[in-house]
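Right, one structure below, let's go through it.
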Amino acid sequence: NSNELLIMDFTKASVFLSLALLVCVAPHYGSAAVFGNDTCGSVDALEAVALTACEATALSDLALSYQLVGVGDAAFCIDTCIAAVQALHRALPYCATTSIDATLVRELYFAQAQCFPPSVDCLKDARDFTRWMSTASGSTCVNTMFAMPASGTQSSANAFCTGACKEGFTHYLERLELHKCSAWKFYKLWKNEASLACMQTGGTYCRAEFSPETFASTIVDVQNTSLVDRDAVLDTLCTPCFYEHVRVASFQALDPVFLAQLQSLCVIDNGEYCYPKFTSDLLTISTSGPNAVARRLCSVATMGQCGNKMLALMTYYEDVLPAASFLRGSLGFHYKSMCAKSDEGYLCADELEGLTTGFQDDLSFTGAQFPFDPSGCSRVSSNSYCTWGCQSFFDEFRTRAGCCYELFREYVKDLGATDREIADAYSHADTVATECDRAMPGTCAPHYNNSVLVPLVFPVPQTFVERFPTVENDMVKDAVIVLGRHPSDVVISSLEPITVGGNPNYTVAVFNVSLNNPTDKDLLESDLASSDPNNTAAFFYVSSHYGSCAYTTACSSSTRIAVSAVATLLVTLLALLL
């Protein structure tokens, strides 16, 4: 039919033209190679996987299928082939020594982005877009854009972002948006590059100041736990342009786990970096029981709220920290209970130390029968526990343990401790509580008299939130990551449109954050006072939802403004609410 003929014509006349263009201008989309270990050493293996998945004997054999839907030459548009080429493409920019043709891999990666077009209109727009990029002026614009990370200047960025180049990209991207092509990878790749090229903060164009590739060695250094002063290294990395890069790249969500890994490096609590001390402690507790893990990762004295914040990020992106692999599969339970505090604000792991240290890393229990008084109660028989000595010591334990007692019972059960192991730990204390009519308090819960109102400014218009009500769920998820609180404790109190720096496409969400103790309230307020989270938050969920929505006049992308303007506005809001 006519549509099939158009697809074939488009493929022959335009796609291969874009392949030739990309030989010179394809950007470097490296990512996970800077996290973990020997990625560069494994590129040959990645190439072998790609060849198998794509049913080819050499990468040069691959070609874009006429159908663009996965039935074509060398399985070019099959999902497994696309994923394998993508993995290889992401690793190569960080590998200086390899025999693999990185240019060819980049060609294939961008060509595969044109698989599975949403409509014929999208194909037409892509055809016109690639034709423009192959003209003398268009190719100059593309080369300028991709050269920014390595050799860009403020003047070259300004010329690109205020002249004909920006107008050209904007024109063709808006055509794709008009025809609802924004979920197509072809659109996402070029939208992402154009957005990164012109991102600004504080009046500075950031593409020439930060990119993951140019800071690859710094990112690797930060992960070196034997490095003495990782905070000094982070000072060079965690700049306003770093945070702006993560924010802008979040809109298209091409590699969300990598962005979360980047964000994890620069998580700040009360003016201090969390990553160095959190990852250093991870190395010492991988074979420890739940009590030791909690006391290291959640210590208020050494960690502040870092434990909560890092666990929050890991809960939504399990692969963020390779060193935390021993927590995977149970992160939701760890996040809910590991750093819990009593109603008085003391860490539950500290208050229950005598009891919970008996649980080993495999959740077997080897502790004492009466952790609150091994001698006083163990010397008397059942039905005689309410003697003065045993009951007196138990009362002290009961007061200290408080709501933590039941909370930790639920915690180890959630982690997989058997009823037998839990009974070994709790049965004797339960018996004393029953015989002496000293029932233990219920589990810990937030109290609204300890709540804090926190305003966060999201870079999306309220019309978008109204059109897609599920965005409110995304806002809560983002707030949880930013604030390090449990989802059940974070509720949206109000949503209002807000104009920042003359741009009306922002929404301020005020969150009511409930805490079960005054210590956490003080920690949160101190953190908000020392560093505005709007300066360092990526808002992964809301941004990616907005980036993939069907663009209309009411849901359109707008020029981002400097984050510093948001920070100035939030100072006033926080002063009013705290």
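The values are calculated or read from the model by the stated rules, or taken from the named source; none is laboratory data. Keep in mind that what you see is a predicted model, and the values were worked out from it rather than measured. Using ideal geometry, Cβ is built from the backbone for each residue, glycine included, and neighbour counts are taken over all protein chains shown. Note: accessible area is taken over every heavy atom of the protein model, side chains too, but ligands, DNA and RNA are not part of it. Shrake-Rupley method; radii C 1.70, N 1.55, O 1.52, S 1.80 Å.
When the surface is traced with a 1.4 Å probe over the full set of protein chains, E318 keeps roughly 80 Å² accessible. In whole angstrom, note down how far apart the Cα centers of segment 410-466 and segment 476-527 are. Distance between centres, Cα-based: 21 Å.
Quick check: at a probe of 1.4 Å, how many percent of the accessible area of segment 213-344 sits on carbon and sulfur atoms?
Values: 2330 of 4470 Å².
On segment 213-344, the fraction of accessible area on carbon and sulfur atoms equals 52 percent.
Stretching D437 away from V257 to a fully extended chain increases their span by 59.7 nm, per 0.36 nm per residue minus the current alpha-carbon distance. Would you mind calculating the gained length between L453 and S330 on full extension (0.36 nm times residue separation, minus the Cα-Cα distance), in nm to one decimal? Going from the current span to full extension adds 41.3 nm.
Within a straight-line Cα-Cα reach of under 28 Å, K477 can be paired with the following lysines, leaving aside sequence neighbours fewer than 8 residues apart in one chain: K180, K185, K188, K191, K277, K309, K336, K341, K413, K521. Over segment 425-481, the fraction of Cα-Cα pairs per 10 Å bin, rounded to whole percents and listed from the shortest bin up, is 16, 27, 17, 15, 15, 10, 0. Based on protein heavy atoms only, segment 451-535 ends up with 34 Å² per residue of surface accessible to a 1.4 Å probe. A viscosity of 0.692 mPa s and a temperature of 37 °C, combined with the Kirkwood radius over Cα pairs in Stokes-Einstein, give a translational diffusion coefficient for segment 81-194 of 214 µm²/s. A crude spin-label estimate for the pair V120 and V228, with each label 7 Å from Cα along the Cβ direction, gives 7.0 nm.
Stokes-Einstein, applied to the Kirkwood radius of segment 219-318 over Cα pairs at a viscosity of 0.692 mPa s and 37 °C, places its translational diffusion at 229 µm² s⁻¹.
Where the convex hull is taken over the Cα atoms of segment 299-392, what is its projected area averaged over directions, in nm²?
8.2 nm²
Note that segment 172-308 presents 33 Å² accessible area per residue, ligands and nucleic acids not counted, probe 1.4 Å. Ligands, DNA and RNA left out, the accessible area of segment 395-497 computed with a 1.4 Å probe is 49% carbon and sulfur.
Label points 7 Å out from Cα along the Cβ direction at S427 and D101: separation in nm? My value for the distance between the label points is 7.1 nm.
Remark: the A183-T366 segment gains 60.5 nm on full extension, using 0.36 nm per residue and subtracting the alpha carbon distance. The accessible area of L51, taken with all protein chains in place and a 1.4 Å probe, comes to roughly 30 Å². Any idea what the relative contact order of segment 323-426 is, in percent, if you count C-alpha pairs under 8 Å spaced at least 6 apart? Relative contact order comes out at 33 percent. Once both labels are positioned 7 Å from their Cα atoms along Cα-to-Cβ, the gap between A159 and S134 label points is 2.6 nm.
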